[in-house]
1. Within the bounds of the stretch 37-51, is there any residue that is surrounded by 12 or more Cβ atoms within 10 Å (Cβ to Cβ) and within 22 Å of Q68 (Cα to Cα)?
2. How many of the residues in the stretch 9-36 are surrounded by 15 or more Cβ atoms within 10 Å (Cβ to Cβ) and farther than 13 Å from Q52 by Cα?
3. Among residues belonging to the stretch 50-63 that are at pLDDT 95 or above and either touching a helix residue (DSSP H, G or I) at 6+ places or on another chain (Cβ under 7 Å) or aromatic (F, W, Y) (or both), point out the one that is nearest to L23 (Cα to Cα).
4. Tally time: how many residues in the stretch 10-49 are touching a residue at least 24 places away in the same chain (Cβ under 8 Å), of a type in the set (S, T, N, Q) and in a helix (DSSP H, G or I)?
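The values are calculated or read from the model by the stated rules, or taken from the named source; none is laboratory data. Source: prediction; values computed, not measured. When we count neighbours, we look across all protein chains shown, and the Cβ atoms used for this are built from the backbone with ideal geometry, even at glycine.
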Amino acid sequence: MNLKKCYFCQLKTKPSYKEVETLERFLSQRKKILGRKKTGLCCKCQRSLTKQVKYARFLALIPYVSYQGLK
């Protein structure tokens, strides 16, 4: 069984709304939050990531939806 290691647990950090580049790693092209199976995050970090992404969207650091480059 090939298990992915959680990105945040490996670095011993927590997701933060201030680190926009890190948050965007876990978003799709259309800025949707990717699921755990694709990201490889643990449950705890995935829930925290979701809250931080939503807060970053609220503060307008990340767009809610992106249609750039898609037709």
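1. no
2. 3
3. That would be V53.
4. The total comes to 2.
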